[in-house]
Amino acid sequence: MHKGEFKHLTTKKILITGGSGFIGSHLCEQLLSQGYEIICCDNFYTGQKQNIYHLLNNPKFELLRHDITFPLYLEVDEIYNLACPASPIHYQFDPVQTLKTCVHGSINMLGLAKRVKAKIFQASTSEVYGDPEIHPQPETYWGKVNPIGPRSCYDEGKRCAETLFFDYHRQHKLEIKVGRIFNTYGPRMHPNDGRVVSNFILQALQNKPLTVYGKGEQTRSFCYVDDLVKAIIKFMNTPSDITGPINLGNPAEISILELAETIITLTNSRSKIEFKPLPENDPTRRKPDISLAQKILNWQPTTSLEKGLMQTIEYFEDYLKKVAQKIN
Ligand code: NAD
Ligand code: UDP
Ligand code: UDP
């Protein structure tokens, strides 16, 4: 690499909204390690400060407490728009705020990108496919989404955000990158957001029953966070005509019951399985078709479920120790 290129790399300013959240904090870390200047914007709605404590002393890292539903004026080269509560418990707690974040928040970030001519990545979701009728889901599938159900604030909010991204692209020639993220897990998942991997690991580590909803026959495909973050960065660095949407996830499909059994084994837990009612509109199957990501990004996940789960189990073991120390 010659000097001119290096200078450009070290001075690039990157805005990461939702940067103190689970995925956002890993993205901040990864991009900092590549020498970029990071502005992490978060209103701490679901993000945890401890996710980014270790970055606060880095002179290239700047933390901004701000809600993206309000305008934001900054000078940046790239924007990763991750701000949005992501788990059903959190996004259903204040559905109107969830929609505002998806819609007003996206408009503000697109307005910012338009003004400063920054390229912008949108963290979309597999939920845009709703309860899909085809498996695995390719990007060309338009989805089956209930517009008025309890999950709609998130599903329809993210669909509207995709529409906004493509309209800003067509109308204002913005450089956009829309990634549809499938279930992701790893260290720094929120302990109380009710997602299946964190719930099962915390239950297993405490020898409490693992709460399987329905019969546990529904499937999901879990991607380890490091693999996902690599894909997001690769996507951002594709040529300008690559807009997506591109599915980002791990196609290895597993039933929720099998996941529960795997976690009990990996934690050497004495936990039993307890069956609970299935939540409304819970998708029965979800598995990404990642052929586009393989072709365009030359990427595919490399972390096995066992390895990723072990890293996550270690994180939650540590978390439980810290909680116990605070109590005693
Ligand atoms: P998270 O809840 O840990 O992170 C979201 C972050 O956004 C939090 O730090 C939160 O405080 C912040 N935030 C929320 N509303 C905001 C607002 N109005 N202004 C500023 N900050 C705000 O969730 P995550 O799992 O890290 O998800 C990150 C993104 O990826 C989300 O957009 C989510 O929809 C998307 N996604 C995640 C998954 C997954 O499995 N984790 C799957 C699909 C899509
Ligand atoms: N915006 C922002 N930061 C900027 C530029 C714009 O937050 O640097 C917001 C602005 O408040 C506006 C929104 O982004 O409401 C959309 O901007 P755009 O230029 O597309 O629309 P307009 O300002 O013409 O309504
Ligand atoms: N689930 C479960 N027990 C739990 C939490 C979740 O059986 O304690 C199920 C849930 O019903 C869904 C799957 O696990 O079928 C994944 O749930 P999660 O909330 O993690 O993600 P999403 O539904 O958004 O894919």
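List of remarks:
- Among the residues examined, LYS173 does not qualify as basic (Lys, Arg) and touching a strand residue (DSSP E or B) at 6+ places or on another chain (Cβ under 9 Å).
- Failed condition for TRP142, given (1) buried (at least 17 other Cβ atoms within 10 Å of the Cβ); (2) in a loop (DSSP other than H, G, I, E, B); (3) modelled with pLDDT of 95 or more: (1)
- Residue match in segment 112-119 (condition: at pLDDT 95 or above and among the small types (Gly, Ala, Ser)): yes
- All positions within segment 28-83 that are on the phi > 0 side of the Ramachandran plot and touching a Ser or Thr at 6+ places or on another chain (Cβ under 6 Å): GLY35
- Residue within segment 194-211 that is under 17 Å from THR125 (Cα atoms), within 14 Å of ligand 3 (Cβ to nearest atom) and at pLDDT below 95 present: yes
- Looking across segment 230-251, the residues that are of a type outside the set (A, V, I, L, M, F, W, C) and in contact (Cβ under 8 Å) with a residue 24 or more places away in the chain come down to LYS230, LYS234, THR238, SER240, THR243, GLY244, PRO245, ASN247, GLY249, ASN250, PRO251.
- Number of positions in segment 153-194 that are in contact with a Pro (Cβ under 7 Å, 6 or more places away or on another chain) and of a type in the set (Lys, Arg): 1
- One residue stands out among those in segment 75-92 that are acidic (Asp, Glu) and surrounded by fewer than 19 Cβ atoms within 10 Å (Cβ to Cβ): the one that is farthest from ligand 3 (Cβ to nearest atom), which is GLU75.
- Residue check for PHE165: aromatic (Phe, Trp, Tyr) and closer than 22 Å to ALA113 by Cα: yes
- Of all the residues in segment 274-321, those that are assigned to a helix (DSSP H, G or I), farther than 29 Å from GLN92 by Cα and either touching a strand residue (DSSP E or B) at 6+ places or on another chain (Cβ under 6 Å) or of a type in the set (Lys, Arg) (or both) number 5.
- Positions within segment 1-24 being crowded, with 24+ Cβ neighbours inside 10 Å and either at pLDDT below 95 or assigned to a loop (DSSP other than H, G, I, E, B) (or both), in sequence order: GLY18, GLY19, SER20, GLY21
- Per-region count, segment 113-137, residues buried (at least 18 other Cβ atoms within 10 Å of the Cβ), free of Cβ contacts under 8 Å to residues at least 60 places away in the same chain and within 16 Å of ligand 2 (Cβ to nearest atom): 2
The values are calculated or read from the model by the stated rules, or taken from the named source; none is laboratory data. Quick caveat: nothing in here was measured; it's all calculated off a predicted structure. As a convention, Cβ positions derive from the backbone with ideal geometry for all residues, glycine included, and neighbour counts pool all protein chains shown.
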